[in-house]
1. Answer with yes or no whether residue 234 is surrounded by 13 or more Cβ atoms within 10 Å (Cβ to Cβ), at pLDDT 80 or above and over 13 Å from residue 253 (Cβ atoms).
2. Filter the range 250-278 down to the residues that are among the hydrophobic types (A, V, I, L, M, F, W, C), crowded, with 21+ Cβ neighbours inside 10 Å and in contact (Cβ under 8 Å) with a residue 60 or more places away in the chain and list them by number.
3. Starting from residues that are in a helix (DSSP H, G or I) and out of contact with any helix residue (DSSP H, G or I) (no Cβ under 7 Å at 6 or more places or on another chain), keep the ones in the range 232-275 and report whichever is farthest from residue 309 (Cα to Cα).
4. Looking only at residues in the range 287-302 that are touching a residue at least 24 places away in the same chain (Cβ under 8 Å) and buried (at least 21 other Cβ atoms within 10 Å of the Cβ), which one is farthest from residue 59 (Cα to Cα)?
5. Could you please let me know if residue 281 is surrounded by 18 or more Cβ atoms within 10 Å (Cβ to Cβ) and aliphatic (A, V, I, L, M)?
6. Quick one: residue 291 ticks every box in (1) modelled with pLDDT under 85; (2) touching a Lys or Arg at 6+ places or on another chain (Cβ under 6 Å); (3) within 28 Å of residue 189 (Cβ to Cβ) except a single one, so which number is it?
7. Does residue 222 fit the bill of being among the hydrophobic types (A, V, I, L, M, F, W, C) and either closer than 25 Å to residue 35 by Cα or modelled with pLDDT under 70 (or both)?
Amino acid sequence: ILSNTKNSRPVNMPLLYLGIPMAATLNVAHGFLPPHPAPTAVSQVLNAPLGHVLLIGILVSIPTIIISGPVFNYFLHRVYPQVYKKDINISVLGEYKEFELKDTPKFGISVLTALLPVILISIATILSFVLPAKSVIYQIVTFIGAPDVAMLISLIVAIFTMGIFRGLNIKEIGDAMSESVKQIAMMLLIIGGGGAFKQVLVDGGVSKYIGDLFGQTNLSPILVAWLIAALLRVSLGSSTVASITAASLVTSVVSNSSVSPVLVVLAIGAGSIFADHVNDAGFWMIKEYFGLTLKETFLSWTTLTSVISVSGLLSILLVSCFM
């Protein structure tokens, strides 16, 4: 985001014009792609293979990002150009540091480090289709491609590529990792709270009731999962809590259906992005960062998240025709 701020000013381009495609991509990745917390947790609840969720999620993400990124950006710029403001004062977000290009890692190694968990999980999933299930190579590949192991390997690689190879000492690396853990602490608490709330609903019989209720309808489990997640998202604000809770509510629907749980995981992810508004901290961050009024934030950001959610659902339904 800060890079977008720096790059938008020399070319006299509104920051929001760069921000919408970036925000669309980040939201899609957050909702659809492991090892992000929500799709990873939902995959475990619904017993969906994580590698399959990742591969199908990438396939679904491509048209979703195109529609909600550049296409939506074009139409919003035509219909509501006043939200595209220049020279925005972002001091409200606090101090930030701008790095010289020579002090940053190379582009290629940065991309490789960031995508390494996805690469390991994807390779393991693809090889699992061609390797004999009882072979030693299969077991090694499966071990390396397990989400926890893939993340650990990626962390070790990042310590070298982002730290040691850049001349940082162990203390500096440790301090940076400590700060990173502090920043994700709230997310860990949200995930834990969502899991506890999920179990309350399961033990209270709500999950079974939802399964019986929708079991008598002709609605696709994909649509049911999306609707429940979207309603929870609008009500609760947190997309992570909405995802985990929705997963617990559709377990009965999924178990009584022939639809792949992978598609249901993605449908929940799409629903959890729907209509971000005032009960989510992200809504206010977008408002302040892009210098928008409350009305402008509703018409741009809330609309964008709704477009992401609906276009994601349509992409999932399209993929379901071939699975």
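1. Numbers: surrounded by 13 or more Cβ atoms within 10 Å (Cβ to Cβ): yes; at pLDDT 80 or above: yes; over 13 Å from residue 253 (Cβ atoms): yes.
Yes, satisfied.
2. Residues satisfying the conditions are 250, 254, 262, 263, 264, 265, 266, 268, 270, 273.
3. The initial filter retains those residues of the range 232-275 that are in a helix (DSSP H, G or I), namely 232-236, 239-249, 251-255, 261-271.
Those still in the list that are out of contact with any helix residue (DSSP H, G or I) (no Cβ under 7 Å at 6 or more places or on another chain) too: 234-235, 255.
On the way: 234: 12, 235: 16, 255: 24 Å.
So the residue we want is 255.
4. First pass over the range 287-302, keeping only residues touching a residue at least 24 places away in the same chain (Cβ under 8 Å): 288-292, 296, 299-302.
Now drop any that are not buried (at least 21 other Cβ atoms within 10 Å of the Cβ), which leaves 290, 300-301.
Values: 290: 30, 300: 26, 301: 24 Å.
Ranking the candidates gives 290 first.
5. Numbers: surrounded by 18 or more Cβ atoms within 10 Å (Cβ to Cβ): no; aliphatic (A, V, I, L, M): yes.
Against the criterion (surrounded by 18 or more Cβ atoms within 10 Å (Cβ to Cβ) and aliphatic (A, V, I, L, M)), residue 281 does not qualify.
6. Of everything listed in (1) modelled with pLDDT under 85; (2) touching a Lys or Arg at 6+ places or on another chain (Cβ under 6 Å); (3) within 28 Å of residue 189 (Cβ to Cβ), residue 291 misses just condition (3).
7. Working: among the hydrophobic types (A, V, I, L, M, F, W, C): yes; either closer than 25 Å to residue 35 by Cα or modelled with pLDDT under 70 (or both): yes.
Yes.
Rundown of residues vs (1) small (Gly, Ala, Ser); (2) assigned to a helix (DSSP H, G or I); (3) at pLDDT below 90; (4) farther than 16 Å from residue 121 by Cβ, yes/no style:
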position	(1), (2), (3), (4)
19	yes, yes, yes, yes
27	no, yes, no, yes
40	no, yes, yes, no
59	no, yes, no, no
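The values are calculated or read from the model by the stated rules, or taken from the named source; none is laboratory data. Just so it is clear, the model here is predicted, and its values are computed rather than measured. Glycine gets a Cβ as well: all are built from the backbone with ideal geometry, and neighbour counts include every protein chain shown.
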